[in-house]
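Read-outs: derived from the displayed coordinates by stated rules, not from any lab. This structure is a prediction, so every number in the text was calculated from the model and none was measured. Methodologically, a virtual Cβ is constructed for each residue, glycine included, from the backbone with ideal geometry; neighbour enumeration extends over all protein chains shown.
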Amino acid sequence: MSGLRLRSEHAALAALGGVLVLFLGAPLVALLVTSSGADFEAGLDHPLVWPALRLSLWTTSISLFVIVLFGTPLAWTLARSRGRLARAVETAVQLPIVVPPAVAGVALLLAFGRRGLLAGWLYPRGWSVTFTTAAVIMAEVFVSAPFFIQAATSAFRRIDPRVLLVARTFGASPIRVFLRLGLPLAAPGLLAGAAMSWARSLGEFGATLMFAGNLQGKTQTLPLAIYVALESDLRAAQALSIVLVVVAFGLLLFVRAVAPSSATNREPPP
């Protein structure tokens, strides 16, 4: 095959891919270039903005703490297990990634709502977690935990099992191996997973709306504030959207920065 034909075919494939790149990039470029500095400042002065921003930062921080606290031991267990039960659990944990957010909201209501499956046990006096700030955190944990668990499990699996075996032969307990070897060796992957999980929590909309409602200062997060502001003040909706895009872009840069470090654990040492 001639060099000219090779270059032509490469150019054709690149052009096809470029169409999708343009389609994905055009809305983001429009979001940025159609807002002036004055419009951006005016949008941030909207009364919806700062309560929603504070609530989002608070709830996503709490949800990330819960996910890391419980998700890290779960990911370690899944990475070290080889049975069918572990594979079934791993598949079930990843299911919220593909479940539509509206379905997640309905499922949370049917499980934790006032008349849900666990209502008699959780709310003996009739109180319900729905439409509270705690419901926002629960919704964020439900939709974003799989991203951390998936990344953490992969990071733990990249650790050379011979290193762990040597530590066990020297008498290290399972918890000591986990704390002294597992966590440090998998740290880049854990950080990347935490960043992706936090980004997913920050952008959560559907499950939060259905399970926690849209109460300003109580359950109205940034995406919900954008939805409300779009009906009355496009500048506020655009300003909040720009904030979320910038944060998401920063998190992606962070993930790409730590990814090469996590890749170094893929090959076992000689």
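Details
- When only Cα pairs below 8 angstrom with a gap of at least 6 residues are kept, the stretch 183-263 shows a relative contact order of 45 percent.
- This model, with +1 at the C-beta of Lys and Arg and -1 at the C-beta of Asp and Glu, gives the chain a dipole about its Cα centre of some 1340 debye.
- Protection proxy ranking, highest mean first, for peptides 53-66, 35-48: 53-66, 35-48, where packing is the per-residue count of other beta-carbon atoms within 10 Å, averaged.
- Compactness of the stretch 101-210 as Cα Rg over 2.2 N^0.38 Å, two decimals: 1.45
- Percentage relative contact order, the chain, counting C-alpha pairs under 8 Å, at least six apart: 29 percent
- Between Leu165 and Arg180, the modelled labels are 2.0 nm apart [label points 7 Å from Cα along Cα→Cβ].
- Gain on full stretching of the segment that runs from Glu41 to Leu117 - 0.36 nm per residue minus C-alpha separation: 22.8 nm
- A simple spin-label model places pseudo-atoms 7 Å from Cα toward Cβ; at Val33 and Arg84 they are separated by 5.7 nm.
- Local electrostatic count, Ala152, Cβ distance below 13 Å [Lys/Arg +1, Asp/Glu -1]: +2
- Signed unit charges on C-beta, dipole axis of the stretch 35-263, positive-most listed residue Leu55, Leu165, Ala111: Leu165
- Positive contributions from Lys and Arg (+1) and negative ones from Asp and Glu (-1), summed over other residues with Cβ under 15 Å from the Cβ of Ile62, come out at +1.
- Alpha carbon centroid spacing (whole Å) that separates the stretch 157-208 from the stretch 62-125: 19 Å
- Count Lys and Arg as plus one, Asp and Glu as minus one, and take only other residues whose Cβ is under 15 Å from that of Pro184; the net charge is then +2.
- Between Trp127 and Trp58, the C-beta separation translates, for a Förster distance of 35 Å, into a calculated FRET efficiency of about 0.95.
- Once Cα Rg over 2.2 N^0.38 Å is calculated for the structure shown, the corresponding label among [x] 1.22; [y] 1.09; [z] 0.93 turns out to be [x].
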